[in-house]
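The values are calculated or read from the model by the stated rules, or taken from the named source; none is laboratory data. Small disclaimer: the values here were computed from a predicted structure and weren't measured. Note that we place each Cβ from the backbone using ideal geometry, even for glycine, and neighbour counts take in every protein chain shown.
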Amino acid sequence: MLIPPFSAIPSWEGFEYQGYCALYFALKQIYDLIQKNKAENINNFKLGLEGEDDFSIIQNDEYLSLHQVKYGSFSLKNKDKLCFILSILQYKAKYGYFHISKPKTLSLDFIATTQNLIDELLEELKKEIKAKNEIPKNDYDKYLLIEDITADTTKGSVYSILKFVSKQPIDKTHLLEAKTAIVKELLCYKKDLSTKGDKDLWTVNEEIFETTRDVKSASHKLIENILEIQYQDRKMYLDNCEVKLICDQVFLFIKENVQDSNTKERKNNCKINFKDIYDKVVFDYKTDSYTVDFQYYKLLERIEEVFNKYPTRTNNNCDFDKCEECEKCNLYEQIEKIFQLTSEEQKDFLYKLLLKTPNHDLPNEPLINRLIITLLRKIDGLKLEASKAILMQSEGKFFRLTLDSSGESYELCEQLNQEIHKPDGDKLLMYETDVLITDQLNEETFSHDGNKFNIIGEKELKDIALISSDTIEKKKMNISKPKIMRLINRTEAEKELNNK
């Protein structure tokens, strides 16, 4: 083996597109086996997620395919092509796939490029191995230098391959042994490639998903198809929310496995049995418990449904019948951002929108339409921020959009007093927000004294001003002292913030 495995952890931590591509491809393989009445063979397959490439499919401990995922615009250097082809050969995979998010024609020159680079590597390996102190500086380019064999060498370079193949410690004796082994392996690959064309080894996967949301949607359909075949009795009550919940639970399971494999003992060795993935897919999460997670999925679905009705809804302040026909408005942009969040980020966003953990009391469609859809359409300054809350700054004050439907301010006090001191409570509420936009409430003095929320009137405000040398405005800037917010209803919010 010449090409070292790599860790998928950095890309998976910050970016999930390739993970959902891996999940989709595994689900597709499982679905194909079920359709062919070969469900019992699921036990023979594994999904590899770290090491050989972005992901791989393994059957009976033999590699069926290696998969490389490219999101957005990308370019391939010659050494990228070399590494891809050599990885297919060294793992004896039957085929290799590129998964891309934008239509692109990749030139069929991978094998020719690899053959040329193999010749260059063989030529490089003819050089003697020397330490820098053994030769004049002007002759460095005539030798393979021990000091240049470092961890940051370019993948596919002669130094990278020597470092990977050589035994430890890296010294002249071990490097000479490695050089002999590398030459022998390269000559074998050169012979193998002499009878092959690019189409014999790799292709671009025909299914193209532009966004994570697209590949998730395709995965939802596969999950639904699997359940309809395997558990026909669940077909009657299977809904989109349950399918989305299942998909994200399976993805979370896969991601946890990738993270757990990032240890010295299991480095580059994340292999997940298809049977474990299948068991996660067919588990009845909805019957097991009407969970908080499931309620978040229901709320997200409800927001999407109300948004989809918007262009044709009466009094919608829109001149178009379909969103695709117009230049994208603030409503469209923010909804798109919401649905591009990861599942964990979406739950954080919805929690901050509700100002509480859902307890079988989700907002109805009219409330969602009044607060989310209408206000995002009419107030361009309301934006989804990095804190996962919808905020707008006006005249030095931060306004935060909510889905609060309290009829009286004391109801909101009680709700927030229950939530704010929970370990996962929304602590930023007190410090990043000056005004809460609600459905009905208008209060000038909604206060948090460090322990609980209260409504205080003019007399109490005067008393505070007499006791303290600070003004109320200074209190708003000092988190160690009472935090005073305003509550405004949606009508007042529109008047105050529109066109600012």
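Residues of the stretch 79-90 that are surrounded by fewer than 19 Cβ atoms within 10 Å (Cβ to Cβ) and under 26 Å from Ile208 (Cα atoms): Lys79, Asp80. Ala389 meets the conditions (1) touching a strand residue (DSSP E or B) at 6+ places or on another chain (Cβ under 6 Å); (2) closer than 16 Å to Asn489 by Cβ; (3) among the small types (Gly, Ala, Ser) in every case but one. The failed one is (2). Residue pairs whose Cβ atoms lie under 6 Å apart, separated by 6 or more positions or on different chains, with the first residue in the stretch 271-283 and over 20 Å from Gln232 (Cα atoms) and the second at pLDDT 95 or above, are Lys271/Lys46; Ile272/Leu47; Asn273/Lys46; Phe274/Ile30; Phe274/Ile42; Phe274/Phe45.
In the stretch 91-131, what count of residues is obtained for those that are modelled with pLDDT under 95, among the polar types (S, T, N, Q) and surrounded by 15 or more Cβ atoms within 10 Å (Cβ to Cβ)? Residues in the stretch 91-131 being modelled with pLDDT under 95, among the polar types (S, T, N, Q) and surrounded by 15 or more Cβ atoms within 10 Å (Cβ to Cβ): 1 in total.
Flag: Leu222 does not match the condition of being of a type in the set (A, V, I, L, M, F, W, C) and either more than 28 Å from Ala22 (Cα to Cα) or outside any helix (DSSP H, G or I) (or both). Counting only helices (runs of 4 or more DSSP H) that fall entirely inside the stretch 349-419 and contain at least 2 residues that are charged (D, E, K, R), the qualifying elements are 374-378, 409-419. In this structure, does Arg377 turn out to be farther than 30 Å from Leu227 by Cβ and modelled with pLDDT of 90 or more? Yes.
Within the stretch 51-71, the set of residues being in a strand (DSSP E or B) and within 17 Å of Phe209 (Cα to Cα) comprises Phe55, His67, Gln68, Val69, Lys70.
As for the stretch 161-184, it holds no residue that is closer than 28 Å to Gln29 by Cβ and among the polar types (S, T, N, Q). Taking Val215 as the residue in question, decide whether it is within 22 Å of Tyr91 (Cβ to Cβ), assigned by TED's automatic domain parsing to the domain that holds Gln29 and of a type in the set (A, V, I, L, M). For Val215, the condition - within 22 Å of Tyr91 (Cβ to Cβ), assigned by TED's automatic domain parsing to the domain that holds Gln29 and of a type in the set (A, V, I, L, M) - is not met. Would you point out the residue of the stretch 227-242, among those that are hydrophobic (A, V, I, L, M, F, W, C) and at pLDDT 90 or above, that is nearest to Glu52 (Cα to Cα)? Out of the qualifying residues, it is Leu227.
Quick one: which residue in Glu344, Glu336 is part of a helix (DSSP H, G or I), without any contact (Cβ under 8 Å) to a residue 60 or more places away in the chain and surrounded by 14 or more Cβ atoms within 10 Å (Cβ to Cβ)?
The match here is Glu336.
Being at pLDDT below 95 and under 18 Å from Tyr431 (Cα atoms) holds for only one residue in Gln393, Gln340, and it is Gln393. If you go through the stretch 391-428 one residue at a time, how many are of a type in the set (Phe, Trp, Tyr) and buried (at least 18 other Cβ atoms within 10 Å of the Cβ)? Residues meeting the conditions: 1. Applying a threshold of 8 Å to beta carbon distances and a minimum spacing of six or more residues, or different chains, the list of pairs starting in the stretch 69-98 at a residue that is at positive phi and free of Cβ contacts under 8 Å to residues at least 60 places away in the same chain and ending at one that is among the charged types (D, E, K, R) and surrounded by fewer than 20 Cβ atoms within 10 Å (Cβ to Cβ) reads Gly72/Lys102; Lys92/Glu62. If you go through the stretch 132-171 and keep only what is surrounded by fewer than 13 Cβ atoms within 10 Å (Cβ to Cβ) and part of a helix (DSSP H, G or I), you end up with Asn133, Lys137, Asn138, Asp139, Asp141, Lys142, Glu147.
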